[in-house]
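Worksheet for the structure shown next.
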């Protein structure tokens, strides 16, 4: 019986590996937040620990933080140095330890995922973020997004766009709590090395009033 279970488990792993590498499909919601329409009590989003908020605009700042004794895990630091052009990085430090970060793309030079067409004259695109495991459950995600809203407004942006997997319920609830509204859908399909992004035609409905629609930038796919 032990050998049979082992064979079945091995077979399941092989099927999973083949499925992941040969075929993958995901669905996302596209969110928007009109910053001036957000009405919420900031006291409800105060984190449970003391936080040092830093907004990084250039690569040299990362090196300065490291020299000043801030702790940034090597993968994060390398990621920061490679992808800063066209965007800013909001970091939350707890006792000089990197606890949470969020990317905010500000212009066309930013390499974003998914490759959406963003109207950077008025919009910013929040596209990546992560909370270190030991700091989860402390309210850092909401607090970081709240600070992104403030920063985006300060530099003249009126809207933040964001995407989330349809089954990522924690993120969906967080953005709904902060005033986010679904404004479209996005599909991703991968078959072997071929990848395909699609925004359904019905997405145009969501932006009928503003005459705008968020679609895939095919030049970046």
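Go through (1) modelled with pLDDT under 60; (2) in contact with a strand residue (DSSP E or B) (Cβ under 7 Å, 6 or more places away or on another chain) for residue 210 and report which single condition fails.
(2)
Among the candidates 182, 161, single out the residue that is at pLDDT 90 or above and assigned to a strand (DSSP E or B).
Details: 182 fails: at pLDDT 90 or above.
After applying the criteria, what remains is 161.
Can you spot a residue in segment 12-30 that is surrounded by 13 or more Cβ atoms within 10 Å (Cβ to Cβ), in contact with a helix residue (DSSP H, G or I) (Cβ under 8 Å, 6 or more places away or on another chain), at pLDDT 75 or above and under 27 Å from residue 166 (Cα atoms)?
So far as segment 12-30 goes, yes, one or more of its residues are surrounded by 13 or more Cβ atoms within 10 Å (Cβ to Cβ), in contact with a helix residue (DSSP H, G or I) (Cβ under 8 Å, 6 or more places away or on another chain), at pLDDT 75 or above and under 27 Å from residue 166 (Cα atoms).
Could you name every one of the helices (runs of 4 or more DSSP H) located completely within segment 37-155 that has at least 3 residues being surrounded by fewer than 15 Cβ atoms within 10 Å (Cβ to Cβ)? Break it down stepwise before answering.
Working: elements: 59-67, 74-83, 140-154.
By residue number, 59-67, 74-83.
Take the residues in segment 157-169 that are touching a residue at least 12 places away in the same chain (Cβ under 8 Å) and surrounded by fewer than 19 Cβ atoms within 10 Å (Cβ to Cβ); name whichever of them is nearest to residue 97 (Cα to Cα). If you could, list the steps in order and put the result at the bottom.
Here is the first cut: in segment 157-169, the residues touching a residue at least 12 places away in the same chain (Cβ under 8 Å) are 157-166.
With surrounded by fewer than 19 Cβ atoms within 10 Å (Cβ to Cβ) added as a condition, the list becomes 158, 165-166.
Working: 158: 31, 165: 28, 166: 31 Å.
Across segment 157-169, the extreme among qualifying residues is 165.
The values are calculated or read from the model by the stated rules, or taken from the named source; none is laboratory data. Not measured: the values here are computed from a predicted model. All Cβ positions, glycine included, derive from the backbone under ideal geometry; neighbour counts span all protein chains shown.
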